[in-house]
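Novice: This is the structure I want to talk about, given as structure tokens.
The values are calculated or read from the model by the stated rules, or taken from the named source; none is laboratory data. Note that the structure is predicted; figures quoted are calculated from it, not measured. Note that each Cβ is placed from the backbone with ideal geometry, even for glycine, and that neighbours are counted across all protein chains shown.
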Amino acid sequence: MKHLPLAAAFLCCASLPGVSPQAGNAGEAEEYTSAAAERLSAMAPAGPKLIKKIDGGQDRQDQFYFQGVPLSVKRIAPGETGLMRHWTSNAAADGVPVVDLIVKSGLLKAGTRVYIDPLAHKADYYQDLHGVFFTTPDFPPEGLLMGLKPDSDFVDFTVPPGMGALYLSPGNYLFPCPMKVRPWLAEAYRKWKAGGGNMPAGMETALRQIDREGGLREPIDIPITVVRYRKNGELSVLRPDLLR
């Protein structure tokens, strides 16, 4: 089964009220994701290229790291999926439920992980596929391998029609945008580029991928219109007109 990375779509701070796309962010997000979706989908016919393997030993998964994308990847228009869903796993940020941050801000932000395709004995890491991951309401949550419970929080939403999106595998979709880089990794990258030290052990794959994509980039928020959401098992509908 496939899954969405646990931290794949993390929310920015809830500094803006409302549930509709923020006009100042929509244009940039549409332009970037559209170009990225076109570029990444064009890679699919060539298939992925293995760049690193880590032997997990007898009791752990082997890890395979790839550049490029799986053959299954294709560009789609967001409207093709109908309503989109983000499961929050009842997470919180600074003590605030993530579902509340989504509803109040109307924004999603990329997380710190790339797309991972796991099996019992191995996991494939696709370095070029990162951004804001989403699924659809009809996809069974157990298929996401996120430990979701019957009352887990989620947000159903739509996006501006010009947003670029990718189909990855059944139930797995992506708005491709810059990955959130952890501060310690960003600092290691800056030191490496400035010539202030050798490549830190174990960071080569991550640092070279940042460099391959043009260096550290500012995050791009994905503006959404929240249609409905569930918090603590209670469903709230904000835009019944979008459910028809």
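Novice: In the range 111-135, which residues are modelled with pLDDT of 90 or more and of a type in the set (A, V, I, L, M)?
Specialist: Val114, Ile116, Ala123, Leu129, Val132
Novice: Here is a further query. What is the residue count in the range 15-63 for residues that are at pLDDT below 80 and under 19 Å from the mean Cα position of the chain (by Cα)?
Specialist: Residues in the range 15-63 being at pLDDT below 80 and under 19 Å from the mean Cα position of the chain (by Cα): 2 in total.
Novice: Report yes if Asp221 is touching a strand residue (DSSP E or B) at 6+ places or on another chain (Cβ under 6 Å) and of a type in the set (Asp, Glu), otherwise no.
Specialist: When the stated conditions are applied, Asp221 passes them.
Novice: Does Leu148 satisfy the condition of being in a loop (DSSP other than H, G, I, E, B) and modelled with pLDDT of 95 or more?
Specialist: no
Novice: If you check Arg212, Arg230, which single one turns out to be of a type outside the set (S, T, N, Q) and outside the structural domain of Thr136 (by TED's automatic domain parsing)?
Specialist: After applying the criteria, what remains is Arg212.
Novice: In the set Thr205, Thr225, which member is polar (S, T, N, Q) and in the same structural domain as Pro45 (by TED's automatic domain parsing)?
Specialist: So the residue among Thr205, Thr225 that is polar (S, T, N, Q) and in the same structural domain as Pro45 (by TED's automatic domain parsing) is Thr225.
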